[in-house]
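These notes concern the structure reproduced below.
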Amino acid sequence: MSSSVSNNTATTFSHSSVGASSSNAAVRYPKKIFMNVSPATTEIELRIFMECIGEVTSVKIPQDDKGKSRGFAFVTFRRNEDAAYALEQLEGHRLDGLILHPRWAAPKRNRNKEPKKQKRNGSAKRKSKKAK
């Protein structure tokens, strides 16, 4: 396995500082995080790395139609506290040479919505008030 971790180089994590103050403002999936990953990172390597934080129930690295990593992953933990701790601890760490920026996973946006109405552009003729 070629995974490397740096920035405080500890790969063991202590749950003593898990806080509930993570950003809960947006709709999100509990226990599931979204994160960037290197194209070289495999699901097995990511699972092993994340197991240092807590019990992982699933890891998914989406691939394009050619079978290459799309550069992000979803990791689901057994406990919400472990996911919150992962967000806290992994920000700025490196994995396979890439600085990690984990976030809470959110529902996929519906891309089949009606197209947005175009804004009126300022070139339309407008009635102007004449000064008297």
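The values are calculated or read from the model by the stated rules, or taken from the named source; none is laboratory data. Being a predicted model, the structure only gives us computed values, none of them experimental. FYI the Cβ positions are ideal-geometry reconstructions off the backbone, even for glycines, and counts take in every protein chain you see.
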Counting only residues in region 94-110 that are assigned to a loop (DSSP other than H, G, I, E, B) and surrounded by fewer than 16 Cβ atoms within 10 Å (Cβ to Cβ), the one modelled with the lowest pLDDT is identified as N110
Taking region 30-48 and keeping only residues that are in a loop (DSSP other than H, G, I, E, B) and surrounded by 15 or more Cβ atoms within 10 Å (Cβ to Cβ), one is left with K31, V37, S38, T41, T42
Those residues of region 64-81 which are free of Cβ contacts under 8 Å to residues at least 60 places away in the same chain and part of a helix (DSSP H, G or I) amount to N80
Within region 83-93, restricting to residues that are touching a residue at least 60 places away in the same chain (Cβ under 8 Å) and out of contact with any strand residue (DSSP E or B) (no Cβ under 7 Å at 6 or more places or on another chain), the one that is surrounded by the fewest Cβ atoms within 10 Å (Cβ to Cβ) is E88
